Amino acid sequence: MHRPRIGPSAPVGARPEEDNLPSNDATINARLPRAERREQLLATAQGAFVESGYHATSMDEIAERAGVSKPVLYQHFDGKLELYLGLLETQSDLLISQLEAALTSSEDNAERITATVRAYFEFADAPNGAHRLLFETDLVSEPAVRQLLDRPYRACADAVARLIVEDTGLPFRSAQLLGVSLVGMAQACAQQWVSEGRPTPLEEAVDLVATVAWRGLGRFPLNRAETSAD
């Protein structure tokens with residue numbers, strides 16, 4: 001369990017369920033319960049990291065944006081890296097849940113591929129721009145960051161591989177390469193589509209990418225009947 005770090009300036013006798021703030025601190029917009037304050041700080045930090053990246057964002061800036069003093073920020077997070085990793089974990093979990101839902105949305109493989117591609121496009125299309133934390137981070141050299149970036153990529157590629165093995169009888173390593181090809185294409189295309197200002201409607205973009213993927217993956221012979229059109 002995370003234990004908040006109280007700096008020397010923390011007041012004695014502050015109520016534990018609220019921010020430990022001096023009552024005359026002009027930077028404080030309101031006292032919030034600890035859980036609510038943490039969520040506010042995460043949301044504020046996310047906006048800053050999305051706009052400026054990890055290296056150009058400071059804890060001072062996050063505190064100022066959130067309307068709290070810097071000691072309050074450090075009561076909730078030991079440092080900038082911990083805060084950043086918390087955001088990456090949240091976005092990684094969100095993408096994984098969306099990809100799992102896509103892969104279980106149908107028994108038809110063509111529809112599964114389309115749903116998977118759509119999940120990436122919809123994730124990238126979110127108005128808060130949080131996809132940039134996973135797709136465009138400037139901290140790839142940090143091992144803990146790299147691990148969180150790889151989680152949804154690997155989880156989806158392996159899930160696709162297991163379906164391919166079940167349907168075609170291919171060795172898992174071969175099927176895994178096909179899973180990586182689908183995931184890599186979907187992510188790269190979704191990222192490019194957003195960066196170019198969404199030049200085509202989302203559904204049209206999804207259909208284009210899914211068609212290319214299905215024309216490739218759909219050529220492998222199945223061990224079971226497939227109902228979709230070629």
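The values are calculated or read from the model by the stated rules, or taken from the named source; none is laboratory data. Source: prediction; values computed, not measured. Cβ sites come from the backbone with ideal geometry, for glycine too, and all protein chains shown count toward neighbours. Keep in mind that these areas ignore ligands, DNA and RNA; they rest on the heavy atoms of the full protein, side chains included. Shrake-Rupley method; radii C 1.70, N 1.55, O 1.52, S 1.80 Å.
Details
- By accessible area, using a 1.4 Å probe on protein heavy atoms only, segment 84-217 has 55% of its surface on carbon and sulfur.
- Residues in segment 100-114 carry Karplus couplings, in order, of 4, 4, 5, 6, 9, 7, 7, 8, 8, 5, 4, 5, 4, 4, 4 Hz; the curve used is 6.51 cos²θ - 1.76 cosθ + 1.60 with θ = phi - 60°, and Gly or Pro positions show x.
- Across R219, R65, the residue with the most accessible area heads the list, and the full order at a 1.4 Å probe is R219, R65.
- Rolling a 1.4 Å probe over the protein chains gives Y120 an accessible area of about 0 Å².
- Taken about its Cα centre, segment 146-230 carries a charge dipole of roughly 380 debye when the Cβ of each Lys and Arg holds +1 and the Cβ of each Asp and Glu holds -1.
- For segment 38-145, accessible area per residue (1.4 Å probe, heavy atoms of protein chains only), Å²: 40
- The charge dipole of segment 23-150, taken about the Cα centre with unit charges on the Cβ atoms of Lys, Arg (+1) and Asp, Glu (-1), comes to about 440 debye, rounded to the nearest 20.
- In a simple Cβ point-charge model (Lys, Arg +1; Asp, Glu -1; nothing else charged), segment 91-137 has a dipole of about 140 debye relative to its Cα centre.
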